[in-house]
Structures are given as C-alpha cells and as structure tokens.
Amino acid sequence: MTIKHLTAAALAMAALVAVPADAANRHVDIVNKTGLSMHHFYASVTGTDDWEEDILGKDTIEDGETFDINIDDGSGKCKYDFKAVFENGKSLVRNNVNVCSISTFTYER
C-alpha cells in the first residue's frame with residue numbers, strides 16, 4: 001500500500017469511531033444517602049415547566065443504594081433539573097445538572 005492509501009484507510013477508521021458531541025453518555029448513577037427511601041425521580045431539561053414522567057416507575061432507591069438512570073431524552077441537551085421525592089413526601093430539587101459531564105449524582109442529608 002502507498003502512503004496515500006494508508007492515510008485514506010486511517011481516516012476511514014477514525015470516522016468509524018468518532019462520536020458526535022450530542023451523543024454524549026447521559027447515564028448517571030443516582031446515589032441515595034438521605035436516610036430515606038427515594039420513591040420518585042424526575043429529570044427535565046433545564047428551563048422547562050414539566051417534570052415529565054417518574055423515571056423510577058415502580059422502583060425505589062433505598063438509603064445507601066445506587067440506581068443507574070439514562071437521562072437521554074433524545075433532545076441532545078446536557079443540562080437537566082432533578083427532582084427526588086422521598087418516602088415522607090418531601091422533595092429535593094437540584095437545578096442545572098450537566099449530565100454530559102458527570103457520572104454520579106448524590107443526594108445527601
């Protein structure tokens with residue numbers, strides 16, 4: 001092979017493994033260290049007025065547990081607001097969380 005062919009092959013391989021910026025990993029481990037069971041968890045694109053659906057569904061995150069959540073809603077956005085609702089009915093809201101740059105988010109007492 002000539003240098004020209006090797007260069008073309010290398011560029012073709014690089015194109016196969018390149019990941020577009022909007023395809024960032026949006027999986028976040030939600031860690032519960034509150035002393036309470038987390039019964040509901042919501043994540044909505046920052047700036048929206050709707051909490052969308054409860055991501056946990058029928059699941060709960062017990063105190064000391066970690067739950068992997070895929071925050072990707074197809075919008076390509078990275079900044080989300082989180083809302084966790086606990087067994088006592090109280091909620092904690094965290095705004096403007098960049099799910100493209102973190103892999104773990106911890107709720108603590």
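A compact table of results
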{"quantity": "Å² of accessible area per residue within the stretch 43-98, as computed with a 1.4 Å probe and no ligands counted", "calculated": "62 Å²"}
{"quantity": "Sequence ranges 42-49, 79-86, ranked by mean other-Cβ count within 10 angstrom, highest first", "calculated": "79-86, 42-49"}
{"quantity": "The stretch 42-92 - percent of accessible surface contributed by carbon and sulfur, probe 1.4 Å", "calculated": "40 percent"}
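The values are calculated or read from the model by the stated rules, or taken from the named source; none is laboratory data. Since the structure is predicted, the reported quantities are computational estimates derived from the model, not experimental observations. Note that we place each Cβ from the backbone using ideal geometry, even for glycine, and neighbour counts take in every protein chain shown. Just so you know, the surface numbers come from the protein's heavy atoms only, side chains and all, with ligands and any DNA or RNA stripped out. Shrake-Rupley method; radii C 1.70, N 1.55, O 1.52, S 1.80 Å.
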